[in-house]
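The values are calculated or read from the model by the stated rules, or taken from the named source; none is laboratory data. For clarity, every value in this text was computed on a predicted model and none was experimentally measured. We place every Cβ from the backbone using ideal geometry, glycine too, and count neighbours over all the protein chains shown. The accessibility values were calculated without ligands, DNA or RNA, using every heavy atom of the protein model including side chains. Shrake-Rupley method; radii C 1.70, N 1.55, O 1.52, S 1.80 Å.
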Amino acid sequence: MKTAVVLLSGGLDSATVLALACQQGYACHCLSMDYGQRHRAELVAAARVAQVLGAASHRVVKIDLGGFGGSALTDANIAVPTGGVAPGIPVTYVPARNTILLSFALANAEVTGANDIFFGANAVDYSGYPDCRPEYVRAYETMANLATRAAVEGQRLTIHTPIIALSKADIIRKGIALGVDYAMTVSCYQATDDGRACGQCDACRLRRTGFEQAGVQDVTRYERLK
Ligand code: ZN
(Lines give C-alpha, C1' and ligand atoms only; values in the text may rest on other atoms or scores of the structure.)
Protein backbone atom coordinates (compact mmCIF):
# COMPACT_ATOMS: atom_id res chain seq x y z
CA MET A 1 0.00 0.00 0.00
CA LYS A 2 1.35 3.43 -0.88
CA THR A 3 1.96 5.66 2.11
CA ALA A 4 1.71 9.41 2.56
CA VAL A 5 2.41 11.95 5.25
CA VAL A 6 -0.56 14.26 5.76
CA LEU A 7 -0.16 17.56 7.60
CA LEU A 8 -3.23 17.73 9.79
CA SER A 9 -4.02 20.91 11.69
CA GLY A 10 -7.45 19.96 12.97
CA GLY A 11 -9.10 22.53 10.70
CA LEU A 12 -11.56 22.16 7.85
CA ASP A 13 -9.04 22.28 5.00
CA SER A 14 -6.61 19.63 6.21
CA ALA A 15 -9.47 17.30 7.25
CA THR A 16 -10.72 17.45 3.66
CA VAL A 17 -7.22 16.77 2.35
CA LEU A 18 -6.91 13.71 4.62
CA ALA A 19 -10.25 12.39 3.32
CA LEU A 20 -9.04 12.90 -0.27
CA ALA A 21 -5.73 11.12 0.40
CA CYS A 22 -7.54 8.18 2.01
CA GLN A 23 -9.91 8.02 -0.96
CA GLN A 24 -6.91 7.84 -3.29
CA GLY A 25 -5.77 4.71 -1.48
CA TYR A 26 -2.93 6.06 0.63
CA ALA A 27 -2.13 4.76 4.08
CA CYS A 28 -1.99 8.16 5.77
CA HIS A 29 0.47 9.02 8.50
CA CYS A 30 -0.85 12.25 9.95
CA LEU A 31 1.43 14.85 11.44
CA SER A 32 0.23 17.69 13.66
CA MET A 33 2.47 20.34 15.12
CA ASP A 34 2.14 21.70 18.62
CA TYR A 35 3.99 24.87 17.61
CA GLY A 36 2.91 27.20 20.37
CA GLN A 37 -0.45 28.17 18.87
CA ARG A 38 -2.95 30.04 21.03
CA HIS A 39 -5.14 27.07 21.83
CA ARG A 40 -4.92 23.31 22.00
CA ALA A 41 -8.44 22.63 20.73
CA GLU A 42 -7.20 22.18 17.17
CA LEU A 43 -4.77 19.45 18.25
CA VAL A 44 -7.58 17.63 20.03
CA ALA A 45 -9.64 18.02 16.85
CA ALA A 46 -6.76 16.69 14.73
CA ALA A 47 -6.53 13.52 16.80
CA ARG A 48 -10.26 12.92 16.42
CA VAL A 49 -10.25 13.65 12.68
CA ALA A 50 -7.33 11.25 12.14
CA GLN A 51 -9.13 8.50 14.04
CA VAL A 52 -12.54 8.97 12.42
CA LEU A 53 -11.19 9.22 8.86
CA GLY A 54 -9.11 6.08 9.31
CA ALA A 55 -5.54 7.39 9.30
CA ALA A 56 -2.81 4.79 9.67
CA SER A 57 -1.22 6.84 12.43
CA HIS A 58 -1.29 10.28 14.04
CA ARG A 59 1.67 11.95 15.61
CA VAL A 60 1.93 15.32 17.36
CA VAL A 61 5.38 16.91 17.33
CA LYS A 62 6.11 19.75 19.69
CA ILE A 63 8.13 22.76 18.54
CA ASP A 64 8.15 26.26 19.96
CA LEU A 65 7.49 29.01 17.45
CA GLY A 66 6.40 31.08 20.45
CA GLY A 67 10.11 31.39 21.18
CA PHE A 68 10.15 33.95 18.37
CA GLY A 69 6.55 35.18 18.43
CA GLY A 70 5.92 37.71 15.69
CA SER A 71 2.38 36.50 15.02
CA ALA A 72 -1.01 36.86 16.65
CA LEU A 73 -1.15 33.06 16.69
CA THR A 74 2.07 32.59 18.66
CA ASP A 75 2.28 35.75 20.79
CA ALA A 76 -0.44 36.39 23.37
CA ASN A 77 0.43 40.10 23.28
CA ILE A 78 -0.69 40.46 19.63
CA ALA A 79 -4.49 40.40 19.32
CA VAL A 80 -6.25 38.28 16.70
CA PRO A 81 -8.04 40.71 14.33
CA THR A 82 -11.82 40.38 14.46
CA GLY A 83 -12.96 43.29 12.29
CA GLY A 84 -13.18 41.44 8.98
CA VAL A 85 -10.79 40.11 6.36
CA ALA A 86 -8.57 43.03 5.26
CA PRO A 87 -6.20 43.31 2.27
CA GLY A 88 -2.53 42.47 2.80
CA ILE A 89 -0.80 39.88 4.96
CA PRO A 90 -2.44 39.91 8.41
CA VAL A 91 -0.78 39.58 11.84
CA THR A 92 -2.05 35.99 11.98
CA TYR A 93 0.67 35.11 9.46
CA VAL A 94 3.19 32.97 11.35
CA PRO A 95 6.73 33.66 10.09
CA ALA A 96 7.90 30.76 7.91
CA ARG A 97 5.33 28.40 9.42
CA ASN A 98 4.59 26.33 6.35
CA THR A 99 8.27 25.99 5.50
CA ILE A 100 8.84 24.68 9.01
CA LEU A 101 5.80 22.36 8.93
CA LEU A 102 6.69 20.98 5.50
CA SER A 103 10.24 20.35 6.70
CA PHE A 104 8.96 18.18 9.55
CA ALA A 105 6.67 16.40 7.08
CA LEU A 106 9.64 15.90 4.75
CA ALA A 107 11.73 14.36 7.51
CA ASN A 108 8.81 12.18 8.58
CA ALA A 109 8.26 11.06 4.98
CA GLU A 110 11.89 10.05 4.63
CA VAL A 111 11.74 8.01 7.85
CA THR A 112 8.43 6.31 7.02
CA GLY A 113 9.37 5.67 3.38
CA ALA A 114 6.57 7.84 2.03
CA ASN A 115 7.06 9.51 -1.35
CA ASP A 116 4.03 11.72 -0.97
CA ILE A 117 3.12 14.60 1.32
CA PHE A 118 -0.43 15.99 1.42
CA PHE A 119 -0.71 19.62 2.44
CA GLY A 120 -3.92 21.63 2.79
CA ALA A 121 -2.68 24.96 1.47
CA ASN A 122 -5.32 27.10 -0.17
CA ALA A 123 -4.78 30.18 -2.30
CA VAL A 124 -8.38 31.20 -3.02
CA ASP A 125 -10.43 31.96 0.11
CA TYR A 126 -7.45 32.52 2.32
CA SER A 127 -5.75 35.24 4.31
CA GLY A 128 -3.01 36.25 1.88
CA TYR A 129 -0.25 34.12 3.34
CA PRO A 130 2.75 33.89 0.97
CA ASP A 131 3.47 30.28 1.94
CA CYS A 132 0.08 29.08 0.69
CA ARG A 133 0.74 29.97 -2.98
CA PRO A 134 1.26 27.35 -5.72
CA GLU A 135 4.64 28.85 -6.72
CA TYR A 136 5.82 28.45 -3.13
CA VAL A 137 4.76 24.78 -3.02
CA ARG A 138 6.48 24.05 -6.37
CA ALA A 139 9.69 25.67 -5.15
CA TYR A 140 9.56 23.72 -1.89
CA GLU A 141 9.10 20.45 -3.78
CA THR A 142 12.13 21.26 -5.94
CA MET A 143 14.17 21.95 -2.82
CA ALA A 144 12.90 18.79 -1.10
CA ASN A 145 14.09 16.64 -3.97
CA LEU A 146 17.59 18.04 -3.50
CA ALA A 147 17.49 17.68 0.27
CA THR A 148 17.02 14.06 1.29
CA ARG A 149 18.86 10.76 1.02
CA ALA A 150 15.66 9.17 -0.27
CA ALA A 151 15.43 11.67 -3.14
CA VAL A 152 19.03 11.37 -4.30
CA GLU A 153 18.65 7.57 -4.20
CA GLY A 154 15.73 7.83 -6.61
CA GLN A 155 12.66 8.08 -4.37
CA ARG A 156 11.22 11.30 -5.75
CA LEU A 157 8.91 13.19 -3.38
CA THR A 158 5.64 14.77 -4.49
CA ILE A 159 3.81 17.43 -2.50
CA HIS A 160 0.07 17.20 -3.15
CA THR A 161 -2.04 20.31 -2.61
CA PRO A 162 -5.44 19.08 -3.80
CA ILE A 163 -7.43 22.06 -2.51
CA ILE A 164 -5.03 24.88 -3.36
CA ALA A 165 -7.21 26.24 -6.18
CA LEU A 166 -10.63 25.52 -4.64
CA SER A 167 -12.95 28.03 -3.01
CA LYS A 168 -13.91 27.34 0.60
CA ALA A 169 -17.39 26.39 -0.63
CA ASP A 170 -15.93 23.85 -3.08
CA ILE A 171 -13.70 22.39 -0.35
CA ILE A 172 -16.76 21.94 1.88
CA ARG A 173 -18.78 20.34 -0.94
CA LYS A 174 -15.93 17.94 -1.65
CA GLY A 175 -15.55 17.02 2.01
CA ILE A 176 -19.27 16.48 2.52
CA ALA A 177 -19.28 14.16 -0.51
CA LEU A 178 -16.49 12.19 1.16
CA GLY A 179 -18.41 12.00 4.42
CA VAL A 180 -16.35 14.47 6.46
CA ASP A 181 -18.19 15.67 9.56
CA TYR A 182 -16.94 19.26 9.87
CA ALA A 183 -18.33 19.50 13.40
CA MET A 184 -15.14 17.65 14.38
CA THR A 185 -12.90 20.38 12.99
CA VAL A 186 -11.70 23.63 14.55
CA SER A 187 -10.64 26.50 12.25
CA CYS A 188 -10.92 29.43 14.66
CA TYR A 189 -7.68 31.25 15.54
CA GLN A 190 -8.83 31.73 19.12
CA ALA A 191 -11.12 28.82 19.89
CA THR A 192 -12.04 28.00 23.47
CA ASP A 193 -10.41 25.00 25.13
CA ASP A 194 -13.42 22.87 24.24
CA GLY A 195 -13.21 23.91 20.57
CA ARG A 196 -15.89 26.58 20.32
CA ALA A 197 -15.22 29.17 17.62
CA CYS A 198 -15.23 32.95 18.12
CA GLY A 199 -17.18 33.62 14.93
CA GLN A 200 -15.24 36.85 14.31
CA CYS A 201 -11.66 36.10 13.28
CA ASP A 202 -10.66 35.76 9.62
CA ALA A 203 -10.64 31.97 9.82
CA CYS A 204 -14.17 31.94 11.24
CA ARG A 205 -15.41 34.42 8.64
CA LEU A 206 -13.95 32.53 5.68
CA ARG A 207 -15.32 29.26 7.03
CA ARG A 208 -18.81 30.60 7.67
CA THR A 209 -18.97 32.21 4.21
CA GLY A 210 -17.87 28.88 2.75
CA PHE A 211 -20.77 27.05 4.36
CA GLU A 212 -23.18 29.76 3.18
CA GLN A 213 -21.90 29.65 -0.40
CA ALA A 214 -21.93 25.85 -0.43
CA GLY A 215 -25.55 25.88 0.70
CA VAL A 216 -24.63 23.61 3.58
CA GLN A 217 -25.64 24.03 7.21
CA ASP A 218 -22.77 25.48 9.26
CA VAL A 219 -22.08 22.82 11.88
CA THR A 220 -19.43 24.92 13.64
CA ARG A 221 -19.87 25.20 17.39
CA TYR A 222 -19.69 28.91 18.18
CA GLU A 223 -18.86 30.39 21.55
CA ARG A 224 -21.17 33.33 20.90
CA LEU A 225 -22.68 34.84 17.79
CA LYS A 226 -22.33 38.61 17.56
ZN1 ZN B 1 -12.58 32.62 15.24
Note down the accessible area of VAL80, probe 1.4 Å, to the nearest 10 Å².
10
Cα-centre dipole for the chain with unit charges at Cβ (Lys and Arg positive, Asp and Glu negative), debye to 20:
240
Counting only residues 5 or more apart in sequence or on a different chain, those whose built amide H sits under 5 Å from that of ARG59 are CYS30, LEU31, SER32
Of the candidates PHE68, PHE118, PHE211, which one comes out as most mobile in a Gaussian network treatment of the chain with C-alpha springs shorter than 10 Å?
PHE68
For region 49-56, just list the computed ³J(HN,Hα) in residue order, Karplus coefficients 6.51, -1.76 and 1.60, θ = phi - 60°, integers in Hz, with x standing in for Gly and Pro.
4, 4, 5, 5, 7, x, 5, 6
Taking springs between alpha-carbon atoms closer than 10 angstrom, which of ALA109, ALA79, ALA203 fluctuates most in the Gaussian network model of the chain?
ALA79
Spelling it out for PHE118: with amide H atoms placed in the peptide plane at 1.01 Å from N, the residues 5 or more places away or on another chain with amide H under 5 Å from its amide H are VAL5, VAL6, LEU7, HIS160
Once both label points are put 7 Å beyond Cα along the C-beta direction, the THR112-ILE63 separation in nm becomes 1.6
Per-residue [θ]222 nm for the chain (sum of -39500 (n - 2.57) over DSSP H runs n ≥ 4, rounded to 500):
-11000 deg cm²/dmol
What distance in nm separates the simple spin-label points at MET143 and THR99, each placed 7 Å from Cα in the Cβ direction?
0.5
Gained length - ASP34 relative to GLU135, 0.36 nm times residue gap less alpha-carbon distance
33.7 nm
Ranking request for peptides 214-220, 152-158, 28-34: highest mean number of other beta-carbon atoms within 10 Å first, then the rest in descending order.
28-34, 214-220, 152-158
HN-Hα J in Hz across region 34-45 - Karplus 6.51, -1.76, 1.60, θ = phi - 60°, x for Gly and Pro
8, 9, x, 5, 5, 9, 9, 4, 6, 6, 4, 4
